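Take a look at the structure set out below.
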Amino acid sequence: MNYLENEFFLLAVTFGVFFLAKLLQKKTGIMLLNPILLTIALLIIFLKAANISYETYNKGGHLIEFWLKPAVVALGVPLYLQLETIKKQLLPILLSQLAGCIVGVVSVVLIAKWMGASDEIIYSLVPKSVTTPIAMEVTKSLGGIPSLTAAVVVCVGLLGGILGLKTMKLTRIGSPMAQGLSL
């Protein structure tokens, strides 16, 4: 059973489960069957059933992490394609994002302190609303726990993906610009 501990096999299992989870969500249309959430849950079950430690599984994680950083850089392409629109709306964009950042950071710090979280946990929660690689680097520099940050960023992203558009419809926010800035 050495193949179960092979980093390439575990990486293939990860991609296979994710692919199947994407198919399931596409077929059912159920937002709660989010491929990332399903993949995480199914991988935890698989690792526990096969008695594979997280450390062993994570040996292949560096391969995924390697591709996360270029993927974040690639996010700049759609931004560049919308450069003229962004220039026209620069002030509202900057003000809304600044307000969102301040409210997000202050609220998570206050709620975490109110609930009795340690400084290390608070430092891990602060960068919750940015991309995973950036959040993990910020957490490292603050002295937090990068793996906790990664989990929180994924959960925040899932929550936004599941509830975001529904909240927009409920509050009757129809402007694509306002929706994009809010999410």
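Quick note: the coordinates plus some simple rules give every number you see, no bench work behind them. Not measured: the values here are computed from a predicted model. Every residue, glycine among them, receives a Cβ derived from its backbone with ideal geometry; neighbour counts consider all protein chains shown.
Estimated translational diffusion coefficient (Stokes-Einstein, Kirkwood radius over Cα pairs, 25 °C, 0.890 mPa s) of the range 41-89: 177 µm² per second.
Residue-wise HN-Hα couplings along the range 114-125, as the Karplus relation 6.51 cos²θ - 1.76 cosθ + 1.60 with θ = phi - 60° gives them from phi, are 4, 8, x, 5, 6, 4, 4, 5, 4, 4, 7, 8 Hz; Gly and Pro carry x. If the chain linking LEU4 and LYS113 were pulled fully straight, counting 0.36 nm for each residue of separation and taking away their Cα-Cα distance, it would gain 35.1 nm. When the convex hull of its Cα atoms is viewed from all sides, the range 89-148 shows a mean projected area of 4.3 nm². A Gaussian network model of the chain, with springs between Cα atoms under 10 Å, assigns the largest mean-square fluctuation among GLU137, GLU65, GLU84 to GLU84.
SER141 to ILE36: FRET efficiency via 1/(1 + (r/R0)^6), r the Cβ-Cβ distance, R0 25 Å, to the nearest 0.05? Walk me through the numbers on the way to the answer.
Working: r = 26 Å, r/R0 = 1.02.
According to the calculation, E is roughly 0.45.
Computed from phi, the 3J(HN,Hα) profile of the range 170-178 under the Karplus parametrisation 6.51, -1.76, 1.60 (θ = phi - 60°) reads 4, 8, 6, 8, x, 5, x, 5, 5 Hz, with x in place of Gly and Pro.
Using +1 on the beta carbon of Lys and Arg, -1 on that of Asp and Glu, and nothing else charged, what's the dipole of the range 1-160 about the Cα centre, debye to 20?
Using only the charged Cβ atoms, the result is roughly 500 debye.
Working note: Debye formula, equal point scatterers on the alpha-carbon atoms of the range 64-169, no solvent; log10 I(q)/I(0) at q = 0.14, 0.19, 0.24 Å⁻¹ is -0.69, -1.15, -1.33. Please find, in a Gaussian network model of the chain (springs between Cα atoms separated by less than 10 Å), the residue of LEU81, LEU158, LEU23 whose mean-square fluctuation is greatest. Taking springs between Cα atoms under 10 Å, the residue moving most is LEU81.
I'd like the FRET efficiency for LYS166 and PHE46, computed as 1/(1 + (r/R0)^6) with the beta carbon distance as r and R0 of 30 Å, rounded to 0.05. Spell out each step's value before the answer.
On the way: r = 31 Å, r/R0 = 1.03.
My answer for the efficiency is 0.45.
Each residue of the range 156-161 was assigned a 3J(HN,Hα) from its phi angle through the Karplus curve 6.51 cos²θ - 1.76 cosθ + 1.60 (θ = phi - 60°); the sequence is 5, x, 5, 4, x, x Hz, with glycine and proline shown as x.
Take the Cα atoms of the chain, build their convex hull, and give its volume per residue in Å³. Write out the running numbers ahead of the final one.
Working: hull volume 28.9 nm³, N = 183.
So the per-residue hull volume is 158 Å³.
Of all the options ILE45, ILE162, ILE145, the one that moves most in a Gaussian network model of the chain with Cα springs shorter than 10 angstrom is ILE45.
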